Amino acid sequence: MLITPLLLLCVAICLSPTASVIDDFKANFQPQVTLRTWEQAIAMAKSFIAQLTLQEKCHLTAGVRGTCAGNIGSLPRVNFSGFCLLDTPSGVGDGVLYSTAFVSGIHIAATWDRDLFYQRAVAIGKEFRGKGVHYALGPMVNIDRNARHGRNWEGFGSDPYLSGENAFFYTQGVQDQGVVATAKHYICNEQDTHRSGVMKGANDAIVYSANLDDKTMHEIYLWPFASSVVAGTGSIMCSANEINDTRACQNNKTQNGLLKGELGYMGNILTDWMGSKSTVDPVLSGLDIDMPGNDE
């Protein structure tokens, strides 16, 4: 029961910086927090985890009821106040009052301006931090394969390279403000029709499977997530659909194989809401946090 709580806390501690690729864009937008390396974060997290009971460790692996869209519960005994997670399609979401509605992802991508990509993310990150939110549930970096997908506006278009550039600068800009970015929805969540199977309506009765070969996965769908990892993203949200007939949140190939293995991802994986349909298989396949969890 060490790994998942450790990953959760490492993400909160770390917000890891990467190489100086975007230094030229940061002259007027310096990080608002002290950025640590993953090694430093792991050491601090291990020290904290050593104080916890088994029940307290389990408490960090699933959401609880709270005022945010997602909530990691507090641990008063060790002065841990918990985490607040909110959506961020174009700013602080989920009905939060007095927040800015920024230009959508598809529109900012159309500028092909890395400076604007970063500045928009910085502004969003500042509002999240100002409202006390710990996790921004974005960017949405799906490829918009289906033109009828109602959430295409959240993403950055169907060009993997352009989407990857936006993912990189969004992650950097938000995390430079001390807020954890969450790249979503991992992976191949390219339509809402039949995407989850949790609703009773006709459109959600059957979960769709995105079936693709390894080359297509690497050249198109994985690319933006890889860019998020390079940027140091602290969290990635697994999707509700299936990939090659296996649920995304319990897909050992995509989570342990591609993400944590091939890409060397060191942050946590949390589910899209109600994206996990069992217990043991998702954990063994690389899942770290179940959302929204239970009511306790």
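The figures follow:
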read-out: Test for ASP204: is it modelled with pLDDT under 80 and either of a type in the set (D, E, K, R) or under 22 Å from SER163 (Cβ atoms) (or both); value: yes
read-out: For GLU154: the one exception among (1) crowded, with 24+ Cβ neighbours inside 10 Å; (2) under 16 Å from the mean Cα position of the chain (by Cα); value: (1)
read-out: Checklist (1) surrounded by fewer than 19 Cβ atoms within 10 Å (Cβ to Cβ); (2) modelled with pLDDT under 90; (3) of a type outside the set (S, T, N, Q) applied to ALA123, failing item; value: (2)
read-out: Which listed residue is closer than 30 Å to ARG120 by Cα, hydroxyl-bearing (Ser, Thr, Tyr) and out of contact with any strand residue (DSSP E or B) (no Cβ under 9 Å at 6 or more places or on another chain), from TYR186, TYR265, TYR221, TYR161; value: TYR161
read-out: Boolean, PRO5 is in a helix (DSSP H, G or I), modelled with pLDDT under 95 and within 21 Å of the chain's Cα centre (by Cα); value: yes
read-out: Among residues of region 263-296, those that are crowded, with 22+ Cβ neighbours inside 10 Å and not in a loop (DSSP other than H, G, I, E, B), counted; value: 6
read-out: Scan of region 235-256 for residues that are assigned to a helix (DSSP H, G or I), within 21 Å of THR171 (Cβ to Cβ) and out of contact with any Asp or Glu (no Cβ under 9 Å at 6 or more places or on another chain), ordered by number; value: THR254, GLN255
read-out: GLN119 being in contact with a Lys or Arg (Cβ under 8 Å, 6 or more places away or on another chain), under 22 Å from VAL96 (Cβ atoms) and of a type in the set (S, T, N, Q); value: no
read-out: Members of region 230-246 that are in contact with a strand residue (DSSP E or B) (Cβ under 9 Å, 6 or more places away or on another chain) and either within 21 Å of SER163 (Cα to Cα) or surrounded by 24 or more Cβ atoms within 10 Å (Cβ to Cβ) (or both); value: ALA231, GLY232, THR233, GLY234, SER235, ILE236, MET237, CYS238, SER239, ALA240, ASN241, ILE243
read-out: Flag for LEU270 being under 22 Å from TRP38 (Cα atoms), of a type outside the set (Val, Ile, Thr), in contact with an Asp or Glu (Cβ under 8 Å, 6 or more places away or on another chain) and touching a residue at least 24 places away in the same chain (Cβ under 8 Å); value: yes
read-out: Residue among ASP144, ASP113 that is touching a helix residue (DSSP H, G or I) at 6+ places or on another chain (Cβ under 7 Å) and either on the phi > 0 side of the Ramachandran plot or surrounded by fewer than 16 Cβ atoms within 10 Å (Cβ to Cβ) (or both); value: ASP144
read-out: Meets criteria (over 17 Å from the mean Cα position of the chain (by Cα), surrounded by fewer than 23 Cβ atoms within 10 Å (Cβ to Cβ) and not acidic (Asp, Glu)) for GLY132; value: yes
read-out: Residue list for region 152-178, filter: in contact (Cβ under 8 Å) with a residue 60 or more places away in the chain and in a loop (DSSP other than H, G, I, E, B); value: PHE156, ASP176, GLN177, GLY178
read-out: Condition broken by GLY105, with the remaining ones in (1) surrounded by fewer than 23 Cβ atoms within 10 Å (Cβ to Cβ); (2) in contact with an Asp or Glu (Cβ under 7 Å, 6 or more places away or on another chain) satisfied; value: (1)
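The values are calculated or read from the model by the stated rules, or taken from the named source; none is laboratory data. The structure displayed is predicted, hence computed values, not measured ones. Methodologically, a virtual Cβ is constructed for each residue, glycine included, from the backbone with ideal geometry; neighbour enumeration extends over all protein chains shown.
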